[in-house]
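Here's the structure we're looking at; comments come further down.
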């Protein structure tokens with residue numbers, strides 16, 4: 001069974017705010033990992049229907065950058081949204097980078113868009129019709 005996905009963050013508070021305020025996740029728990037000088041936080045949708053997102057902050061990490069899109073090994077994570085227009089408007093207001101404006105995924109009626117989290121992790125937004 002698939003349990004969670006972990007992504008690194010350069011700023012735990014900023015990432016938690018992004019995922020809770022803009023994508024509606026709920027912070028389940030947050031804790032220190034002294035053996036690796038790190039902190040982790042687990043977030044999940046309020047209805048506990050999807051997988052868990054683990055944010056990891058390594059305090060000793062000196063360099064934190066995303067490679068160009070074509071050079072990345074990790075592609076994206078995806079979230080279902082109820083109202084794409086409302087979600088994109090809120091993200092614009094929060095100065096989130098929108099890499100792909102909403103478009104229809106043929107032959108379905110689903111709307112798709114791509115944005116980046118504060119550390120440049122690519123996120124797919126899906127509004128199912």
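The values are calculated or read from the model by the stated rules, or taken from the named source; none is laboratory data. What you see is a predicted model, and the numbers here were worked out from it, not measured in a lab. So basically every Cβ, Gly included, is an ideal-geometry build from the backbone, and we count neighbours across all protein chains shown.
Here residue 18 meets the list (1) in a helix (DSSP H, G or I); (2) surrounded by fewer than 13 Cβ atoms within 10 Å (Cβ to Cβ) almost entirely, failing just condition (2). Among the residues examined, residue 78 qualifies as under 28 Å from residue 39 (Cα atoms) and either touching a residue at least 24 places away in the same chain (Cβ under 8 Å) or not assigned by TED's automatic domain parsing to the domain that holds residue 4 (or both).
Among (1) outside any helix (DSSP H, G or I); (2) out of contact with any strand residue (DSSP E or B) (no Cβ under 9 Å at 6 or more places or on another chain); (3) surrounded by fewer than 11 Cβ atoms within 10 Å (Cβ to Cβ), there is one condition residue 82 misses while meeting the rest; what is its number? Going through the list (1) outside any helix (DSSP H, G or I); (2) out of contact with any strand residue (DSSP E or B) (no Cβ under 9 Å at 6 or more places or on another chain); (3) surrounded by fewer than 11 Cβ atoms within 10 Å (Cβ to Cβ), residue 82 breaks only (2).
Flag: residue 30 matches the condition of being within 30 Å of residue 1 (Cβ to Cβ), surrounded by fewer than 16 Cβ atoms within 10 Å (Cβ to Cβ) and in contact with a helix residue (DSSP H, G or I) (Cβ under 8 Å, 6 or more places away or on another chain). Determine, yes or no, whether residue 19 is at pLDDT 90 or above and on the phi < 0 side of the Ramachandran plot. Taking the combined requirement at face value, the residue satisfies it. Residues of region 30-41 include none that is outside the structural domain of residue 80 (by TED's automatic domain parsing) and under 23 Å from residue 82 (Cβ atoms).
Checking region 57-73 against the condition returns a match, with at least one residue being surrounded by 12 or more Cβ atoms within 10 Å (Cβ to Cβ) and modelled with pLDDT of 90 or more. If you go through region 85-96 and keep only what is touching a strand residue (DSSP E or B) at 6+ places or on another chain (Cβ under 8 Å) and exposed (fewer than 14 other Cβ atoms within 10 Å of the Cβ), you end up with 85, 92.
For residue 66, the conditions (1) more than 24 Å from residue 112 (Cβ to Cβ); (2) in a loop (DSSP other than H, G, I, E, B) are fulfilled apart from (1). For first residues located in region 37-66 and in contact (Cβ under 8 Å) with a residue 40 or more places away in the chain, partners that are part of a loop (DSSP other than H, G, I, E, B) and crowded, with 16+ Cβ neighbours inside 10 Å and lie 6+ apart or on another chain with Cβ distances below 8 Å form the pairs 53/25; 55/9; 56/9; 57/9; 64/119; 66/119; 66/121.
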